[in-house]
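What follows is a single structure, written as C-alpha cells, with notes after it.
Quick note: the coordinates plus some simple rules give every number you see, no bench work behind them. Bear in mind that the values here come from a model prediction, so they are computed numbers and not experimental data. Quick reminder, even Gly has a Cβ in these numbers, built from the backbone with ideal geometry, and neighbours come from all protein chains shown.
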Amino acid sequence: MALRNTNTTYGAVAKTFHWLTALLILSAIPLGIIASNLAHGLEDPSATPDEATITLTATLFSLHKTIGVTVFLVALARIAWALGQPKPGLLNGDNAPEAWLAETVHWLLYGSLVAVPLSGWVHHAATTGFAPIWWPFGQSLPFVPKDPGLAELTGVLHYVLQWILLGAIGLHIAGALKHHVIDRDATLRRMLPGHAPAEPTAQQPNHALPFVTALAIWAMALGGASTLGWFSGKHAATDAPAALAEVESDWQVQEGTLALSVQQLGSAVTGQFADWTADITYDETPDSAGKHGAVEVTIATSSLSLGSVTDQAKGAGYLDTGTHPTAVFAADLIARDGGHVATGTLTIRDQSVPVEMPFKLNIENDTATASGSLSVDRRDFGIGADVKDEGSLGFAVEVSFELTATR
C-alpha cells in the first residue's frame, strides 16, 4: 500500500492518522464523561469522598487531558500532511445535498479536532489544582496566565465545542455506514487497510458552502451559550457569604494578601483568602520580654479561592466552611535574633495548634509593610484526614501574607 494519497484512494499515512485519531477520541470521550461525573461528587460541599475515589478521579482526568493534548498534536500533523496530498473525490459528488453535508461534517471534524483539545489545554493551564497532564507535556502554556476568568471562558468553550465534535463524529459514522451498507460503494473501504481504489464522480461539491455552513454551526452554538449567560459565569454563580465586620485596630491594614500553597499529585496548588481582618497592636520599643505587640487575624474560610479544587477544599472533609466559617491566628509579636516572630496559635475547624511565623517588617513614618510565612501540617487540623497518601495531597501547607498598614 502506497504511503501517499491518489485521486482514487487514501495512502497509508492518511489512514494511520485517521484511525489513530479515532482511537484517541473514542478513548478520551468516555474517560472525560466518567471523570466529570466523579468530580461532581467531589465538589459537593457536604461530601466526604474517600481517597480511592479522589485518586481514581484524578487519574481518569489526567488520562483524558493527556490524550486530549495528543489529539491536538496528531490533528495538527494530520492537517499538515493533508495539505500536501491530493484528496480522493466523493463517490456520490453528484448528489448535491449529501455531498454538501459530507463536506460540512469534514470541516466540523477538522476544526473541532483542533479547537476542542486546545480549549481544554488552555483551561488547564489557566487554572490550578487537580489532575496534572502527564509527561512529556507540561502544565503551562506560553502566554497563558493563571487567570480564573480565562479558565472560565475556555472551560465553557471546551464544553460547547465538544458537543459539536460529538455530533460531527456521529454523522461521520452514520455516513460511512450508509455508504457501506445501503449504497454498497467503496467509501469506507478506501479508509480500511489495503488497496481499495474507487473512481469519484465527475461532479464534486464546492468547498466554500460547506465551510460557511460549518462556521455558521459554530457561531450558533457559541451564540446560544452566550445567550444562556454561560460566558458571563452566571451558570456558576452562588450567593456570596456575608463579609467579616471591620475591626478597630492600632494599625489599619490598607491592602494585603493571605495565600496558601499545597502539593497535589506532584504539582503546587496555590490560592488565597479574599476576606480577612487583622487587629494589630505594635510599638517599635519592645517591653522587657521583647514583646512589641500582638495580632489577631480572623479569616472567612468560605472566601478561599483554590483553582479547580475550591469547592472540594471548602467541603466537609476539609475546611468544612459550613460548620466552621472562620479560622483565627492569634499571636504575640516578639523581637528575636535581630528580626520578628509572631508566636501564638492557629485555630482551624475546632483544632488550635501552636505556631511561629517569622516575618519581615519595615516602618517608615506611620506606614508599615510586612510579609511572612509558615508551614503547617493539615493533619493537625483534621483537614483531608481520609487522604493519607502524601503523593495525592501533601501534608505540608504553606501559608504566607503580605500587607501594608497605617498607624
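Stretching GLU296 away from GLU364 to a fully extended chain increases their span by 22.2 nm, per 0.36 nm per residue minus the current alpha-carbon distance. For the chain, take the longest principal axis of its alpha carbons; what is the angle in degrees between that and the long axis of helix 12-42, to the nearest 10 within 0 to 90? Once rounded, the angle reads 40 degrees. The label point for ALA176 and the one for ASP350, both projected 7 Å from the Cα toward the Cβ, are 5.9 nm apart.
Please work out how much length the chain gains when fully extended from ASP147 to TYR159, using 0.36 nm per residue of separation minus the C-alpha to C-alpha distance, in nm with one decimal. Intermediate results must be reported in sequence, preceding the final value.
On the way: separation 12, 0.36 × 12 = 4.32 nm, distance 1.82 nm.
Gain in length upon complete extension: 2.5 nm.
Across segment 325-407, counting alpha-carbon atoms alone, Rg and Dmax equal 15.2, 50 Å.
Tell me, Kirkwood radius of segment 12-236 from alpha-carbon pair distances, in Å?
Kirkwood hydrodynamic radius for segment 12-236: 19.5 Å.
Taking the number of Cβ atoms within 10 Å of each Cβ as an exposure proxy, the fewest-first ranking of ILE169, ILE363 is ILE363, ILE169. Karplus-based coupling profile of segment 306-316, in residue order and whole Hz: 9, x, 6, 10, 4, 4, 5, 5, 8, x, 4, with θ = phi - 60° in 6.51 cos²θ - 1.76 cosθ + 1.60 and x standing for Gly or Pro. Look at where the Cα atoms of segment 1-40 and of segment 321-364 average out, and the two centres are 55 Å apart. Distance from the Cα centroid of segment 256-316 to that of segment 371-407 is 9 Å (rounded to whole angstrom). Here, P(r) means the percent of Cα pairs in each 5 Å bin from 0 to the largest distance; for segment 1-93 it is 3, 12, 17, 14, 12, 10, 9, 7, 6, 5, 3, 2, 0. If you wrap the Cα atoms of the chain in a convex hull and average its projected area over all directions, you get 25.3 nm².
So how do TRP276, TRP19 line up by other beta-carbon neighbours within 10 Å, fewest first?
Listing TRP276, TRP19 from fewest to most nearby Cβ atoms yields TRP19, TRP276.
Note on LEU319, LEU60, LEU171: ascending count of other Cβ atoms within 10 Å places them as LEU171, LEU60, LEU319, the fewest first. Relative to the longest principal axis of the Cα atoms of the chain, helix 208-227 runs at roughly 30 degrees. Maximal additional length on extending the LYS388-ALA216 stretch stands at 56.8 nm, based on 0.36 nm per residue less the C-alpha distance.
Taking the 0 to 90 degree range and rounding to the nearest ten, how far is the long axis of helix 148-177 tilted relative to the main principal axis of the chain, both from C-alpha atoms? So the inclination is approximately 20 degrees. Mean residue ellipticity at 222 nm, helices only, the chain: -13000 deg cm²/dmol; runs of at least 4 DSSP H residues each add -39,500 (n - 2.57), and the sum is divided by the number of residues.
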